[in-house]
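The values are calculated or read from the model by the stated rules, or taken from the named source; none is laboratory data. Source: prediction; values computed, not measured. Glycine also receives a Cβ, built like all others from the backbone with ideal geometry; neighbour counts cover every protein chain displayed. Heavy atoms of the whole protein, side chains included, go into the accessibility calculation; ligands, DNA and RNA do not. Shrake-Rupley method; radii C 1.70, N 1.55, O 1.52, S 1.80 Å.
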Amino acid sequence: MNNLSPCAPARHRGSASRALLAFMVVLVALLGIVAMPAARADAMEAVKCTGRPNSEDDPTVIMGATESRITFEASIAEGEGVSSLTLHIPDGTSFGTDDLAVTLLTGDDLMTRNELDYTEKVDGQDLTLEFAEPITQEGHLNILVYDVFFPADGGEMQLEATYGLTDGTEASIEGIPSIPVEGISFTESLSQWLEDQSWVQAWNSNRFLHLFFDPALLVTSFPVVLTGFFMSISIVAVAFPLAIPMGLLLALMRISKLRLLRGIATTYVNIVRGTPLFLQIYVAFFGLPLAGIQIPNFVLGVTVMCMNSGAYMCEIFRAGILSISKGQTEAARSLGMNGAQTMFYVILPQMFRIVIPNLTSEFIVLYKDTSLLAAVGIMELVMYARTIVASTGSITPYIVAALFYLVITLPLSKITRHLEDRVRGHRTRKHADAPELAAEKGASHE
């Protein structure tokens, strides 16, 4: 028995119609999507944006306020018809257009160079290129902007670019990499300002003045050589105080009654004073490593300078001790002092007052002798100056180094002369008072 309702066929036919209609709608939609034009890629895409390194110390660094160059390159799609390009140079950056180079690189290897006919226009920081013929050929558009001076403060320099097509479309080029620029110091900025001054250019036109007294190089050398000055002062500040007790010990050994002590001290002093300090430095810095002894350069430099200065101080102290009259020793002994007490409480205090001028002179000599450490790579005054001379070919950095030596040696030389005059005056007064003291003693005996 058939239980189907008479309306069932109608319902089935309605469902089929709705399914067919839905299928047709989906099909039409799919066909519409396929028929729609694909979204057009950018006509120009950034390939690179770089600056030319200009640092004398690092071949990869771009310095601010120093002449550089911007290289911008972007790809062009086939048949796009690029009619114009505008580059917005980073704010604060100066640039020139006299040597502007615009080239289209084509071919599979992009080695074919095609010169383009264009006109440029500069409006503030915007450099606009209008091409005589729209660029429809696929390739890379390469632009070189010369005479570029980035801001002195440096930073990330972001170049912006927009282009126009023949159909009137204008768009910007995205993804342009920034150019990292390092800032320059005040002295470098001052040096560059000096180089632009007419009087400096006239001064440097003289070969001798340019070689020995270049004002711009004088300014830039100062902070670099100043670092070496601090290193030299550090070496002397450590070596000189250590050399004083060493010299005193050697002096006491040389006047000792024990032949062994005298022999050791005399041998050491004669060897050190009889050989050049330069040779001693070479033996220490190149001989010890060969023997397997590794010592940091600063420590080894201080040690060599201390041992050399100690030998000279030995003679200074020995002469000072021997200059004290024997009556001082006899008077101390009469008071019940032993030999050690006499030396440390009577002889040495008087000796130090006498040898202070000579010690000051030894300090000056030690400070100047630190220049010899440049031969073994210690970055002191002369080494820093020599590094700049090697890169510039000018002797001016050596003049700066000489000024740093004079800053210390001239005042100390004047102090030494003053101390010598005081010691000489003290001795003169002492000898002048001697007859009066003798007369007083004679009168007291009477």
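Within the stretch 148-162, the set of residues being surrounded by fewer than 18 Cβ atoms within 10 Å (Cβ to Cβ) and under 16 Å from Glu73 (Cα atoms) comprises Gln158, Glu160, Thr162.
Look through Thr112, Thr106 and report the one residue that is farther than 29 Å from Thr66 by Cα, at pLDDT below 95 and loosely packed, with under 14 Cβ neighbours inside 10 Å.
Thr112
In this structure, does Ala171 turn out to be within 20 Å of the chain's Cα centre (by Cα) and of a type in the set (A, V, I, L, M)? Against the criterion (within 20 Å of the chain's Cα centre (by Cα) and of a type in the set (A, V, I, L, M)), Ala171 does not qualify. For the stretch 355-399, filtered to residues that are part of a loop (DSSP other than H, G, I, E, B), touching a helix residue (DSSP H, G or I) at 6+ places or on another chain (Cβ under 7 Å) and under 28 Å from Leu209 (Cα atoms), the residue that is most open to solvent (accessible area, probe 1.4 Å) is Met379.
Conditions (1) open to solvent by less than 20 Å² (accessible area, probe 1.4 Å); (2) hydroxyl-bearing (Ser, Thr, Tyr); (3) in contact with a helix residue (DSSP H, G or I) (Cβ under 8 Å, 6 or more places away or on another chain); (4) modelled with pLDDT under 95, marked per residue:
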| position | (1), (2), (3), (4) |
| --- | --- |
| Ile135 | yes, no, no, yes |
| Gly164 | yes, no, no, yes |
| Glu170 | no, no, no, yes |
| Gly175 | no, no, no, yes |
| Asn204 | no, no, yes, yes |
| Phe208 | no, no, no, yes |
| Phe213 | no, no, yes, yes |
| Ala216 | yes, no, yes, yes |
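Look through the stretch 177-195, keep the residues that are free of Cβ contacts under 8 Å to residues at least 40 places away in the same chain and aliphatic (A, V, I, L, M), and return whichever of them is most open to solvent (accessible area, probe 1.4 Å). Step by step, filter the stretch 177-195, then rank; the result is Leu190. Considering only residues of the stretch 273-293 that are touching a residue at least 40 places away in the same chain (Cβ under 8 Å) and either under 16 Å from Met305 (Cβ atoms) or of a type in the set (D, E, K, R) (or both), which is least open to solvent (accessible area, probe 1.4 Å)? Filtering the stretch 273-293 for residues that are touching a residue at least 40 places away in the same chain (Cβ under 8 Å) and either under 16 Å from Met305 (Cβ atoms) or of a type in the set (D, E, K, R) (or both), the one least open to solvent (accessible area, probe 1.4 Å) comes out as Ile281. Only a single criterion out of (1) under 22 Å from the mean Cα position of the chain (by Cα); (2) open to solvent by 90 Å² or more (accessible area, probe 1.4 Å); (3) within 26 Å of Lys368 (Cα to Cα) is not satisfied by Leu249, namely (1). Counting the residues of the stretch 339-353 that are surrounded by 15 or more Cβ atoms within 10 Å (Cβ to Cβ) and farther than 15 Å from Leu248 by Cβ gives 2. Here Ser334, Ser323, Ser361 are screened, and the one residue that is of a type in the set (S, T, N, Q), in contact (Cβ under 8 Å) with a residue 24 or more places away in the chain and farther than 29 Å from Leu406 by Cβ is Ser323.
Applying the condition of being touching a residue at least 40 places away in the same chain (Cβ under 8 Å) and buried (at least 17 other Cβ atoms within 10 Å of the Cβ) to the stretch 253-265 and asking which residue is farthest from Arg318 (Cα to Cα) yields Ala265. Just to be sure, is Ile184 assigned to a loop (DSSP other than H, G, I, E, B), on the phi < 0 side of the Ramachandran plot and among the β-branched types (Val, Ile, Thr)? It is true that Ile184 is assigned to a loop (DSSP other than H, G, I, E, B), on the phi < 0 side of the Ramachandran plot and among the β-branched types (Val, Ile, Thr). Restricting attention to the stretch 218-246 and to residues that are in contact with a Ser or Thr (Cβ under 9 Å, 6 or more places away or on another chain) and aromatic (Phe, Trp, Tyr), the residue that is surrounded by the most Cβ atoms within 10 Å (Cβ to Cβ) turns out to be Phe240. Residues that are of a type outside the set (A, V, I, L, M, F, W, C), surrounded by 12 or more Cβ atoms within 10 Å (Cβ to Cβ) and outside any strand (DSSP E or B) do occur in the stretch 119-126. Of all residues in the stretch 196-247, those that are touching a residue at least 12 places away in the same chain (Cβ under 8 Å) and charged (D, E, K, R) total 1. Comparison of Thr71, Thr66, Thr60 shows that the only residue that is at pLDDT 60 or above and out of contact with any strand residue (DSSP E or B) (no Cβ under 8 Å at 6 or more places or on another chain) is Thr60.
Every test in (1) open to solvent by less than 10 Å² (accessible area, probe 1.4 Å); (2) free of Cβ contacts under 8 Å to residues at least 24 places away in the same chain is passed by Val145 save one, and that test is (2). Restricting the stretch 324-338 to residues that are loosely packed, with under 13 Cβ neighbours inside 10 Å and of a type in the set (Ser, Thr, Tyr) leaves a set whose member that is nearest to Val355 (Cα to Cα) is Ser325. When each of Gly327, Gly320 is tested for being part of a helix (DSSP H, G or I) and modelled with pLDDT under 90, the lone residue that passes is Gly327. Look at Pro349 and say whether it is free of Cβ contacts under 8 Å to residues at least 12 places away in the same chain and within 30 Å of Gly377 (Cα to Cα). Considered against the rule, which asks whether it is free of Cβ contacts under 8 Å to residues at least 12 places away in the same chain and within 30 Å of Gly377 (Cα to Cα), Pro349 comes out as no.
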